[in-house]
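First up is the structure itself, then whatever we jot down about it.
Taken together, the values in this text are just the output of simple stated rules run on the coordinates, not laboratory data. These numbers come from a predicted model, not from an experiment. Quick reminder, even Gly has a Cβ in these numbers, built from the backbone with ideal geometry, and neighbours come from all protein chains shown.
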Amino acid sequence: MSGAERGTRRVGLVGYGRIGRDLAARVRAAPGLELAYVLVRSVPDDLDPDVVVTDPAELADRPVDLCVEAATPEALADVAPTVLEAGDVLVLSGSAFATPQWEERLTAAAERTGHDLYVPHAALLGLDGLVDAREALESVSIEATKAPDHLDFSYADDVSPADVDGPTVLYEGPVRGLCRRFPRNFNSHAAVAMASLGLDATRSRLVADPDAGSARHVITATGEGFDLEVVRDSAIEGVTGDYTLVSTWGSVRRVLDLDGGVKFV
């Protein structure tokens, strides 16, 4: 049954930064979708006041087919238990799962409410292959190269932009450690780790390069009888790559099963 046959689908948003604004515009323009609410701290000038919510407690009484969290790991941990009372949640701040108490809170809320938490592929390719090969994987690693201007150093107490003089390795180790240091930048690494060997066995390497003109990620995975490599380059603004906008919208459409025709599984 197509989305149109099921009637209008209601979508909520948590956060209204670059991704949230892009999603709001796409939802409003898409047939069969309704923007149910946008949770923000202050009211933006470009939103209808009827959809603006500033009190997270209201979200339990606003049923939606899908809420897309596009804020921060802290915001996700705070509001997801309430949002899950009223519908499924697509998690963009996958770095939240790097904090054990937040992971426990999120998974417990999903189990209690019976609603689902979805983790998108976060603008990286190949997560389906990693999930399929999970039992056969021997190693998985991700190398990221970004200009320091596109990194948020707010949580990284052991490195700073002053440490970058030419291409500089800022981190090498388990994905969990990278996500704790740069929670706004590497939700995609969290998704790769959760799809494969976990946040502690999957490895991340971060190279800050002042001359980097794009956000580059290289995923490598090995197992008995196979070697995988996926490379992605994307233009970036702030901490969000351009391809993230496209891929997030694709994830929303797949979760809501909006597109007919051939299904790619």
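Quick notes on this one:
- Net length gained if the chain between Arg28 and Ser214 were fully extended (0.36 nm per residue, minus Cα distance): 64.0 nm
- Most fluctuating residue given options Ala25, Ala60, Ala208, as computed from a GNM of the chain linking Cα atoms under 10 Å: Ala25
- Most mobile listed residue (Ala190, Ala212, Ala80) in the chain, GNM with C-alpha springs under 10 Å: Ala212
- Label-point gap, in nm, between Ala147 and Asp50 - each point 7 angstrom along Cα→Cβ: 4.2 nm
- Volume in Å³ per residue [convex hull over Cα atoms, computed for the range 54-119]: 72 Å³
- Inter-centroid distance (Cα atoms) of the range 87-106 relative to the range 207-265, Å: 20 Å
- Hydrodynamic radius by Kirkwood, which averages 1/r over all alpha carbon pairs of the range 32-141, in angstrom: 15.4 Å
- Working ranking of peptides 243-249, 52-58, 68-74 by packing, defined as the average number of other Cβ atoms within 10 Å per residue, highest first, is 68-74, 243-249, 52-58.
- For the range 192-249, GluC sites (Glu not before Pro) meeting the loop criterion (DSSP other than H, G, I, E, B) and having at most 16 other Cβ atoms within 10 Å: Glu224.
- Nitroxide proxy distance, nm - points 7 Å out along Cα→Cβ at Arg253 and Asp78: 3.3 nm
- Ranked for footprinting exposure by Cβ neighbours inside 10 Å, fewest first, Val252, Val131 give Val131, Val252.
- Ordering Lys146, Lys263 by the number of other Cβ atoms within 10 Å of each residue's own Cβ, fewest first, gives Lys263, Lys146.
- For the chain, built as a Gaussian network whose Cα springs stay under 10 Å, the top-fluctuating residue of Gly198, Gly15, Gly225: Gly225
- 5 Å binning of all Cα-Cα separations within the chain, expressed as whole percents from 0 upward: 1, 6, 13, 16, 18, 17, 13, 9, 5, 1, 0, 0
- Centre separation in Å (Cα based) which lies between the range 1-61 and the range 121-179: 30 Å
- For the range 127-234, size of Cβ-based charge dipole, Lys and Arg +1, Asp and Glu -1, in debye: 320 debye
- Shape of the range 127-234, Cα gyration tensor, a/c cut at 1.5: prolate
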